[in-house]
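Structure first, then comments.
Derivation of every value follows stated rules applied to the coordinates shown; laboratory data play no part. All values derive from a computational prediction rather than experimental measurement. FYI the Cβ positions are ideal-geometry reconstructions off the backbone, even for glycines, and counts take in every protein chain you see.
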Amino acid sequence: MKRRRTGGFLLSMMIAFGGAGCTGTPPVSSAQPLAVGVSDRTNTPEVKPGLSSVEKPAVHPKFDADRAFASLKKQCDFGPRYLGSAGHDKCLDYLKTEMKKYADETVLQEFKYRDFPVTNVCGVFYPDGKKAPSTAPIVLLAHWDTRPIADGPRSTVAGKGAPYVYGAKGWNRLNPILGASDGASGVAVLLELARLFKEKRPTVGVLIVLVDGEDYGDFRAKGGQGDGVLLGAEYFAKNYRKTPSFGVPFNGILLDMVGGKNLIIAKELGSQNAAPGMNDKIFSVAQSLQHNDVFLYDEIQEVEDDHTPLIRAGIPTVDLIHPLPYGNFETRGYTQWHTLEDSPENCSAAALKAVGETVAEVMYREK
Ligand SMILES: [Zn+2]
């Protein structure tokens with residue numbers, strides 16, 4: 001991850017829901033218009049914050065949070081997983097093996113960034129009872145790579161050593177992080193969901209995309225456009241139509257940094273603008289499952305993340321993400337973000353459970 005969005009500067013802003021209580025400058029509008037509601041076919045029940053959804057709970061296999069947490073630890077056991085690292089190779093093998101166990105079709109999107117292989121691991125899940133992919137699935141995403149440098153605001157090693165520049169061996173790899181929440185957590189939840197989907201297919205088609213190269217480079221390069229970041233999501237957004245099995249996703253849900261022990265998730269402004277039906281549905285389902293200690297209905301944040309390229313490509317996508325430790329979220333955000341302490345010890349199965357149960361319920365309710 002990713003940056004807060006404020007005028008191209010690294011730090012974005014957190015504002016109170018409803019636009020009041022700004023702690024910084026107002027958010028700049030995206031360079032391209034957000035696809036407000038485009039193909040967002042979800043019918044949002046009229047549910048007030050704090051009340052449970054009017055829909056009946058879906059019947060589906062139980063999300064096993066311990067199993068998901070074991071996957072989080074396994075990914076971290078491979079070591080840092082930035083492009084070109086040994087851990088990256090090992091983790092890729094693991095992800096391919098896992099996806100093939102569960103998906104109807106496993107598709108690799110392979111490309112290069114400055115000679116480094118980059119791979120999105122994609123799983124196509126057919127709609128329940130069907131023998132072909134959906135033409136309009138829901139896409140679930142998480143990035144599986146990790147940041148090669150501990151340059152977060154709370155990092156004790158930030159600014160030490162060589163400058164963060166691109167050299168003969170790629171971006172400076174001093175102090176690479178383990179990425180337990182920022183990397184492994186979203187993947188862990190999605191692999192457990194894949195296991196559920198294998199056991200019982202949702203009514204709708206699902207596309208799980210584990211994107212690579214989110215966190216590799218410099219978010220501030222090229223006047224704020226970034227260099228070497230959001231690589232897998234950008235590639236997917238530009239090329240998904242080349243793979244007929246992918247269909248044209250009508251909604252997306254991105255999971256990023258969902259493993260922290262102190263996990264909270266506020267509504268993300270870009271998500272709310274692009275996919276209000278899906279975002280409201282997720283938060284109301286979370287309320288109905290009594291995960292309102294994690295899903296904060298009345299607070300909002302804004303980040304640029306892997307959902308941004310998808311939204312620009314016309315796929316209304318929600319980002320579920322622990323806020324960065326700035327502004328209103330300075331202490332409640334993920335303070336281990338881009339530090340050497342982003343490790344399994346600071347994550348919990350309970351966090352994965354809140355997110356996994358919520359997304360599972362949303363997916364099994366979709367028609
Ligand atoms: Zn990150």
Packing-wise, with mean Cβ within 10 Å as the measure, how do 357-366, 90-99 rank, highest first?
-> 357-366, 90-99
FRET efficiency for Glu199 and Ala136, Cβ-Cβ distance as r, R0 = 22 Å, nearest 0.05?
-> 0.40
Counting DSSP beta bridges with both ends in the chain, the antiparallel % (nearest 5) | 55
Take the Cα of Asp293, step 7 Å along the line toward its Cβ, and report every residue of segment 331-349 whose backbone nitrogen sits under 14 Å from that point.
-> 348-349
Whichever lysines have a C-alpha closer than 18 Å to that of Lys222, once near sequence neighbours (fewer than 8 apart) are set aside | Lys2
Compare the peptides 128-136, 231-239 by average per-residue count of other Cβ atoms within 10 angstrom and give them in order, highest first.
-> 231-239, 128-136
Would you mind calculating the gained length between Val248 and Asp64 on full extension (0.36 nm times residue separation, minus the Cα-Cα distance), in nm to one decimal?
-> 63.3 nm
Anything over 26 Å Cα to Cα? Flag those among Lys101/Lys281; Lys238/Lys261; Lys200/Lys367, in the order listed.
-> Lys101/Lys281; Lys238/Lys261
Extension gain Asn239-Arg154, at 0.36 nm per residue separation less the Cα-Cα distance, in nm?
-> 26.9 nm
Given 4 °C, 1.567 mPa s and a Kirkwood radius over Cα pairs, the Stokes-Einstein diffusion coefficient of segment 167-279 in µm²/s is 78
Stokes-Einstein D for segment 214-367 (37 °C, 0.692 mPa s, Kirkwood Rh from Cα pairs), in µm²/s, comes to 201
Highest-first arrangement of 323-331, 104-112, 302-310, where packing means the average Cβ count within 10 Å | 302-310, 323-331, 104-112
When Rg is the radius of gyration of the Cα atoms in the chain and Rh is its Kirkwood radius, what does Rg/Rh come to?
-> 0.93
Across the alpha-carbon set of segment 65-214, Rg over Rh with Rh taken as the Kirkwood radius works out to 1.03
